Amino acid sequence: MSAQGTPDVAGRTAGEAKATPKGAWTVTFLLFLFMVVNFADKIVVGLAGVPIMTDLKLDAEQFGLLGSSFFFLFSISAIVVGFIVNKVPTRWVLLTLAVIWALAQFPMVGTVSFTTLLICRIVLGAGEGPAFSVAAHAIYKWFPDEKRTLPTAILSQGSAFGVILAVPALNWVIVNHSWHYAFGALGVVGLLWVCAWLTFGKEGPLEDTQVLAVTEPKIPYVQLLTSRTFLGCVVATFGAYWALSLGLTWFTPFIVKGLGFSQSQAGYVSILPWVFGATVVILTGWVSQVMMARGYTTRISRGVLGSVPLIIGGLILAMMAHVQGAGLQIALLVVGSGLCGAIYVVCPPMLGEFTPASQRGAVIAIYGALYTLSGIIAPSVMGAVIQRAGNMVDGYLTGFTINAVVMVGSGVIGLLLLWPNTEKARLSRGAAPQAAALKGAVSPT
């Protein structure tokens, strides 16, 4: 235990000198709601998948393209906005993003073509691409490093609760009215969040981005982005997001068309992976902070803790094609995909651990831009596999097997590469001479 505890003791003591500011949990709750809206916006196309395909006469490949279109500008937007929040207060960036989300929903209220729906999803994706990275960067201005895992878990919970809360409500609108009105309802909810953020949203007091941009020593981006922990985070989360993007686009159609449930029944079944995933996320955040408090390095309390569930989840998901019965297949899909949530909790704090605060927004955004590329690939791959399969159910099961292979492979790579504690020491050695020179340059003596 002493070998594990040594690297973190000094950092933990330094962090405890910073008390959590008043208002930190209020902002955390607002950003949790921000992510609730974010994922409600994402899930609506998958939830209304069968009515959309019926009304617009789409085949599986076209619907797969629609699911992928959300991510066409997702990564580019995330990178651009990531550099912006290095210098611009996150309060205003978050507000702008939320306004874009709301406005992108309203065109779908009326009669729309496939092209209009496609364009609106691309615009929405551009607005939502930076969401999690900017929100995480904003939260880290309220909490010192050793207290960041739990708020990150709560932020990540927004994805689960966005689905858990939105699916029954939106599905009721879809079944009793129309899928068009489900989009309109999300636009109204987005505008309500904008009003709440204007009233209560604030910038964190622990870090002044503009001051840090001038005074803080920098680490070259090429070193940060080629560090093994950064690469490990990207690869591991790529596999997790493959499962998430399939869940957003294809889970409900699989329940309806593959397993024979009605649209109403599918609405309730569709929330199960997110309920389980929510439990995994909160448990990971709590366990991680307990482990750190007991002296474990962040290699163990973040890196290993996030990677191992991803591997186990992939192995569970791989069993789907080899069992019979809708109930058992749903159970394996729920548990296998739900375990992915652990990696989202630990990666942003690991990146924040060794990235200077004035560069953190860009680094977390680039991380997000890279791993979400699987959101472009996965729905289209599933659509192509289903289209070419001799039997629809076989096509779905083959697609989920591909997902399992991606999860296991990415989890193993993450397990090998995630060493944030030694990364911090290595990169800090290069930044130390720069810090000394900078201090001498600004010293009045």
Accessible carbon and sulfur surface of segment 279-436 relative to its total accessible area, %, 1.4 Å: 71 percent
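I need the fraction of alpha carbon pairs in segment 64-204 separated by more than 25 Å, rounded to a whole percent.
Details: 3067 of 9870 pairs.
Result for the distance tail: 31 percent.
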Size of electric dipole in segment 121-251: Cβ of Lys, Arg +1 and of Asp, Glu -1, about Cα centre, debye, nearest 20: 200 debye
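Report relative contact order for the chain in percent, whole number only (criteria: Cα-Cα under 8 Å, sequence separation at least 6). Walk me through the numbers before you get to the answer.
Numbers: 784 pairs, mean separation 124.3, N = 445.
Averaging sequence separation for qualifying contacts and normalising by length gives 28 percent for the chain.
If r is the Cβ-Cβ distance from residue 178 to residue 283 and R0 is 45 Å, what FRET efficiency results, to the nearest 0.05? Please report the intermediate quantities before stating the final value.
Numbers: r = 38 Å, r/R0 = 0.85.
Given R0 = 45 Å and the Cβ-Cβ separation, E is 0.70.
Can you figure out the FRET efficiency of residue 55 with residue 92, using R₀ = 41 Å and their beta-carbon distance, to the nearest 0.05?
Values: r = 38 Å, r/R0 = 0.93.
So the FRET efficiency works out to roughly 0.60.
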Backbone HN-Hα couplings from phi across segment 183-197 [Karplus 6.51/-1.76/1.60, Hz, Gly and Pro as x]: 5, x, 4, 5, x, 5, 4, x, 5, 5, 5, 4, 5, 5, 5
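How long are the three semi-axes of the equivalent ellipsoid of segment 181-338, in whole Å, if each is the root of 5 times an eigenvalue of the C-alpha gyration tensor, listed from largest down?
Numbers: eigenvalues 252, 133, 47 Å².
Gyration-tensor ellipsoid for segment 181-338: 36, 26, 15 Å.
Semi-axes, largest first, in whole Å: what does sqrt of 5 times each Cα gyration tensor eigenvalue give for segment 255-360? Don't jump to the answer; show the numbers that get you there.
Details: eigenvalues 226, 43, 26 Å².
Each semi-axis is the square root of five times an eigenvalue, giving 34, 15, 11 Å.
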Using alpha carbons only: equivalent-ellipsoid semi-axes of segment 352-402, gyration tensor based, whole Å: 38, 9, 5
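Starting from the Cα-Cα distance between residue 192 and residue 393, subtract it from 0.36 nm times their residue separation and give me the gain in nm to one decimal. Kindly include the intermediate steps, with their values, before the conclusion.
Details: separation 201, 0.36 × 201 = 72.36 nm, distance 4.06 nm.
Net length gain for the segment: 68.3 nm.
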Probe 1.4 Å, protein heavy atoms only - accessible area per residue of the chain in square angstrom: 38 Å²
Evaluated at q = 0.16, 0.19, 0.20, 0.23 Å⁻¹: base-10 log I(q)/I(0), Debye formula over Cα of segment 20-92: -0.80, -0.94, -0.98, -1.09
Disulfide-incompatible cysteines by the Cβ rule (no partner under 4.7 Å) in the chain: 120, 195, 340
HN-Hα J in Hz across segment 289-300 - Karplus 6.51, -1.76, 1.60, θ = phi - 60°, x for Gly and Pro: 5, 5, 4, 5, 5, 8, x, 6, 5, 6, 4, 7
Distance between segment 311-356 and segment 70-122 - C-alpha centres, whole angstrom: 27 Å
Surface/4 of the Cα convex hull for segment 301-356, nm²: 3.9 nm²
Whole-Hz couplings from phi, Karplus 6.51/-1.76/1.60, listed for segment 19-25; x for Gly and Pro: 6, 5, x, 5, x, 4, 6
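Stretch residue 225-residue 265 to full length: gain in nm at 0.36 nm per residue minus the Cα-Cα span? Show your work: numbers first, answer last.
Numbers: separation 40, 0.36 × 40 = 14.40 nm, distance 4.47 nm.
Taking residue 225 through residue 265 to full extension adds about 9.9 nm, to one decimal.
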Top positive-direction residue, dipole computed over the chain with Cβ charges, set 197, 305, 391: 305
Modelled label reach - residue 114, point 7 Å along Cα→Cβ, segment 60-76 residues with backbone N closer than 20 Å: 60-73
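The values are calculated or read from the model by the stated rules, or taken from the named source; none is laboratory data. Computed from a predicted structure; not experimentally measured. Positions of Cβ are generated from backbone atoms using ideal geometry, with glycine treated the same way; all protein chains shown enter the neighbour counts. Heads up: the accessible areas ignore ligands, DNA and RNA and are worked out on the full protein's heavy atoms, side chains in. Shrake-Rupley method; radii C 1.70, N 1.55, O 1.52, S 1.80 Å.
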